[in-house]
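To start, the structure under review is shown below, and the notes come after it.
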Amino acid sequence: MGEGIRLPVLDGLGRTNRIDKWWSQPVIMGSALILTLIYTFWRLFIYDVEISYKLNGSKVVSPLFSPNILEWDLFSLNQWAETAPSWINAAILIIWIPFGFRGTCYYMRRVYYRTFFASPTACWVDEPQINKSIGYKGEKMVFIINNLHRYFLYAAMVILLIKWWDVTHTMTFKNGIGISVGTLVMAFEAFLLTMYVTSCHALRHLAGGVLDRWTVGISKFRGKLFKKISILNRSHGFWFWASLTFVFLGDLWVLGVNKGILGDFAIFVI
Ligand code: FES
């Protein structure tokens, strides 16, 4: 039923009968993504100094460079770092995880299909001719990498745990345990990332997918988990942007403190 009925979309890239500002969201999102790419490139390859600072024995690491695996004793990574090429830094080594995780995110796919491929830019707005001739072929060719999302999720969960571990490093002062402004900044960044990860579609599937019914025992528990994650999942787009933005705000905080523009201090130490 309904087969063959064509919606009254005007022909031609960007043509539409819509009179609202349908273009504003794709423009803002596209610009934000380009800005994050430029900033990341600058920080990783051009200005990869001032990535952390110390405050009375505690250490605050920029979210962009956390976890700083080049400081780990594990696998003698810290020794290897001394002989590694000078352009290597911690972020370059782990960037594939956040990039892979965010790049294959279901919400992100919606964003880049709309902003960069105009496929379509918005509902009831026509797409370029090339899209019509190629057509949607599903997650194939280069997009087949999207099928790896669940594996990127597992790696992102490990990174998330280490980020919370890094938060504890901001709380370890020479004279006791406490909280500084840097702790709040890093903890907020870790919290936003936690919300982004726990609202993930793939995590929801991991929790309660595949099963036919959630009735008894572990399946009942998994069903409950599925429903809880479904509630968070409704705001997944919000958590995507909030957590992404705070990675860069956190990095600017660390840069600002290193340059003496901003000042960190212990709120309390016990
Ligand atoms: Fe967005 Fe998994 S669907 S992070």
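Dipole of the stretch 85-181, Cα-centred, from +1 at each Lys and Arg C-beta and -1 at each Asp and Glu C-beta, to the nearest 20 debye?
120 debye
In 10 Å bins starting at 0, how do the alpha-carbon pair distances of the stretch 8-83 split up by percent?
14, 26, 22, 14, 12, 10, 2
What translational diffusion coefficient, in µm²/s and rounded to a whole number, does the Stokes-Einstein relation yield for the stretch 173-221 at 25 °C and a viscosity of 0.890 mPa s, taking the hydrodynamic radius as the Kirkwood radius over Cα pairs?
This corresponds to a translational diffusion coefficient of 175 µm²/s.
Across the Cα atoms of the stretch 112-270, what radius of gyration and what greatest pairwise Cα-Cα distance (Dmax) are found, in Å?
21.1, 68
Over the Cα atoms of the stretch 86-191, what Rg and Dmax result, in angstrom?
Taking only Cα atoms of the stretch 86-191, I get Rg and Dmax of 20.0, 68 Å.
Rounded to the nearest 500 deg cm²/dmol, what is the calculated helix-only ellipticity per residue at 222 nm for the chain, with -39500 (n - 2.57) per DSSP H run of length n ≥ 4?
-16500 deg cm²/dmol
Could you work out how much longer the chain between Phe268 and Gln79 gets when fully extended? Use 0.36 nm per residue separation minus the Cα distance between them, nm to one decimal.
Result for the pair: 64.5 nm of gain on full extension.
With each pseudo-label sitting 7 Å past Cα toward Cβ, what's the Thr36-Phe238 distance in nm, one decimal?
1.7 nm
Return, for the Cα atoms of the stretch 135-212, the radius of gyration and Dmax in Å, separated by a comma.
Rg then Dmax for the stretch 135-212, in Å: 17.9, 64.
In the chain, carbon and sulfur make up what percent of the accessible area (probe 1.4 Å)?
Carbon and sulfur: 69 percent of the exposed surface of the chain.
Toward the positive end of the charge dipole of the chain, about the Cα centre and with charges on Cβ (Lys, Arg +1; Asp, Glu -1), which of Thr115, His201, Val254 goes farthest?
The Cα lying farthest towards the positive end belongs to His201.
Based on the Cβ-Cβ distance from Ile92 to Lys140, what FRET efficiency comes out when R0 is 22 Å, to the nearest 0.05?
Efficiency, rounded to the nearest 0.05: 0.15.
I'd like the Kirkwood hydrodynamic radius of the stretch 109-156, using the inverse of the mean 1/r over distinct C-alpha pairs, in Å.
12.2 Å
For an R0 of 25 angstrom, estimate the FRET efficiency from the Cβ-Cβ distance between Cys123 and Phe99 and round to the nearest 0.05.
Plugging the Cβ-Cβ distance into 1/(1 + (r/R0)^6) gives 0.30.
Using the Kirkwood formula over every pair of different C-alpha atoms, what hydrodynamic radius in Å results for the chain?
About 21.4 Å, per the Kirkwood formula over Cα pairs.
Which value does Rg/Rh take for the stretch 13-145 over its C-alpha atoms, Rh per Kirkwood?
When Rh is taken as the Kirkwood radius, the ratio is 1.13.
Taking 0.36 nm per residue of separation and subtracting the Cα-Cα distance, what length does fully extending Asn147 through Asn17 add?
My answer for the length gained is 43.2 nm.
List the relative contact order of the chain as a percent without decimals, with contacts defined as Cα pairs under 8 Å and 6+ residues apart.
25 percent
What is the Rg over Rh value, at two decimals, for the stretch 190-270, using alpha-carbon atoms and the Kirkwood definition of Rh?
1.24
The values are calculated or read from the model by the stated rules, or taken from the named source; none is laboratory data. Just so it is clear, the model here is predicted, and its values are computed rather than measured. Cβ sites come from the backbone with ideal geometry, for glycine too, and all protein chains shown count toward neighbours. With ligands, DNA and RNA removed, areas are computed over all heavy atoms of the protein, side chains included. Shrake-Rupley method; radii C 1.70, N 1.55, O 1.52, S 1.80 Å.
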